[in-house]
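Following: one structure in C-alpha cells, then a few remarks.
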Amino acid sequence: MLGMLARLIDPTTIALVVAGAFGIALMQSGARAFSSALAALKPLFRGNPSVDRDAARAVVRQVDHLAQLRGLACTDRVKTSNRFLTTAVRKLASCERVEEFQNWADREIADRSQRHAAARNVWIAVADAAPAIGMAGTIIGLVGMFAHMNDPSAIGPSMALALLTTLYGVVLSNLLAAPVAARLSDLSDREICWQRELADGMVAIARRENAPVRRASIREVA
C-alpha cells in the first residue's frame with residue numbers, strides 16, 4: 001500500500017501542475033487579488049463569523065445604552081478588539097449627520113465585499129485551471145509515449161506523466177481550491193451579513209437620538 005502511494009507522488013510533476021494552475025490564476029486576477037487570496041488562508045481556519053456577530057450585537061447594545069445616557073458623541077467609549085467595530089463606533093460618534101455614517105458604512109461594506117470576491121475568485125480560477133493543466137500534461141505524456149513506442153523503457157515515464165498530471169489536477173481542483181473558495185464565500189456572506197446588521201442598528205440609534213433635536217429646532221423656528 002505504501003509502495004503504491006509512493007509511486008503516486010512525483011514532486012516535480014506536482015510542482016508543475018501547482019505552478020501552472022496558480023500562474024493562470026495570477027494572470028487572470030492580478031497580483032493584488034492573488035496576494036489577498038493567499039492572505040485569506042489565515043482567516044480561512046480562524047474566522048468565526050458567529051462570534052463576530054455576537055460581539056457586534058453586544059456593541060450595538062452598549063452604543064444604545066451610552067447614546068441614551070450621554071448622547072452619540074460619547075459612544076466611542078465602547079471598546080472592542082474588532083477593527084471594523086472600533087471604526088464604526090468612532091465614525092458614529094464623530095459624524096455630524098446620520099447620512100455621513102450611513103454612507104461610510106455602505107462604502108466600507110461594499111469595499112469589503114469586493115475584496116472578498118476578488119480573493120475568492122482567485123481560488124475559483126485555480127480550481128478551473130488545475131484540470132486543464134492536468135489535461136495538458138496528459139497530452140504531453142501521451143505524445144512522449146507515442147514518440148518512443150520502439151523504446152519500452154521510455155514508455156513508462158511518459159505514461160506516468162500522462163496519468164499523474166490528470167490526477168494532480170483533479171486533486172488540486174476538487175480537494176483544495178474548490179473547498180477553499182466555498183469556505184471563503186461562506187465566511188464572506190456571514191461577515192457582510194453581521195456588518196450590515198450592525199450598521200443598520202447604529203443608523204437606527206442615530207436617527208432616534210437626532211429626532212428630538214430636529215423637533216426642538218422646528219419648535220424654536222416656529
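The values are calculated or read from the model by the stated rules, or taken from the named source; none is laboratory data. Owing to the predicted nature of the structure, the values given are computational and were not obtained by experimental measurement. Neighbour counts are summed over all protein chains in view; Cβ atoms, including those assigned to glycine, are modelled from backbone coordinates with ideal geometry.
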| query | Has the stretch 180-187 got any residue that is in contact with a helix residue (DSSP H, G or I) (Cβ under 6 Å, 6 or more places away or on another chain), assigned to a helix (DSSP H, G or I) and over 30 Å from Asp106 (Cα atoms)? | reply | no
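Considering each of Ile205, Ile133 in turn, give the residue that is in contact with an Asp or Glu (Cβ under 6 Å, 6 or more places away or on another chain), modelled with pLDDT of 85 or more, crowded, with 16+ Cβ neighbours inside 10 Å and part of a helix (DSSP H, G or I).
Working: Ile133 fails: in contact with an Asp or Glu (Cβ under 6 Å, 6 or more places away or on another chain).
Of Ile205, Ile133, the one residue that is in contact with an Asp or Glu (Cβ under 6 Å, 6 or more places away or on another chain), modelled with pLDDT of 85 or more, crowded, with 16+ Cβ neighbours inside 10 Å and part of a helix (DSSP H, G or I) is Ile205.
Looking at the stretch 1-112, what helices (runs of 4 or more DSSP H) fall wholly within it and have at least 1 residues that are without any contact (Cβ under 8 Å) to a residue 60 or more places away in the chain, of a type in the set (A, V, I, L, M, F, W, C) and farther than 30 Å from Trp123 by Cα?
Working: elements: 2-7, 11-29, 31-39, 41-46, 49-70, 83-94.
Fully inside the stretch 1-112 and qualifying: 2-7, 49-70, 83-94.
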| request: Spot the failing condition for Gly141; the list is (1) more than 30 Å from Ala37 (Cβ to Cβ); (2) in contact with a Leu (Cβ under 6 Å, 6 or more places away or on another chain), and only one is missed. | output: (1)
| field | Hits in the stretch 144-158 (condition: part of a helix (DSSP H, G or I) and either exposed (fewer than 14 other Cβ atoms within 10 Å of the Cβ) or in contact (Cβ under 8 Å) with a residue 60 or more places away in the chain (or both)) | value | Phe146, Ala147, Pro152, Ser153, Gly156
